[in-house]
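For reference, the structure discussed in these notes is given below.
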Amino acid sequence: MRTLWKGTLYLAAAAVLLSGCKKDDEDPPAPTPSNPTPTIYQRLGGTTMVNDPANPGTMIEQGYLGLRSVVDSTIFVIAGDAQLQPYFAVLLAEVGSGDLTGFAALSENLTEFFAVATGAQNFTYSGMNMVDAHNSANPRMTGLVTDADFDQFIVDLVAGAAQNNVPSAIVTDIGALVETLRDPVVQQ
């Protein structure tokens, strides 16, 4: 009988102890980040699918389309910029003769680069690193970039963004991103 009483006492004590451990007594869950700052890519439309005006019947991520539009506009601004034209002599000669393959490749490479750099998750950049792309060993690059030329590229990039009505806050963030590339790009 004593064993039964002892067992009952242990069960009762365990029940009291367990009933005291309510869910409210548990450690509170770790706070979840409240609305993390959206990436530049997300602010440009992110992964929302839209019609690709350059490829009818094809859908494209809005963020990628926005970047491609800015890249293409910037390439055209550079083509009209006497300070930067010499760096793109090969490309401009090709375009002048009706060959757009170099333009298409540059557009795709730059757009992929900017997509990845601005936070896109569905793209990869497989082009050259910035040192090799801007090195005189690159047959498509004519000359080494100076600080003044890099500054002018940023001016032309801002003009390309303005042609596409990119909000100034996003342009500022893209400019800050591009500024991080100054050291590998400027080689003179």
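Data overview
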read-out: Whole-number D in µm²/s for region 31-115 (Stokes-Einstein; Kirkwood sum over Cα pairs; 25 °C, 0.890 mPa s); value: 168
read-out: Ranking of Arg140, Arg68, Arg43 by count of other Cβ atoms within 10 Å, fewest first; value: Arg140, Arg43, Arg68
read-out: For region 60-105 and region 140-188, distance of Cα centres in Å; value: 14
read-out: Whole-number percent relative contact order across region 32-188, with pairs defined as alpha carbons under 8 Å at least 6 apart; value: 26
read-out: Point-charge dipole on Cβ atoms (K/R +1, D/E -1) for region 88-157, about Cα centre, debye to 20; value: 140
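Rule-based calculations on the coordinates, nothing more; no lab input. Since we're looking at a predicted model, the values are computed, not measured. Here Cβ is always computed from backbone atoms with ideal geometry, including for glycine, and neighbour counts include all displayed protein chains.
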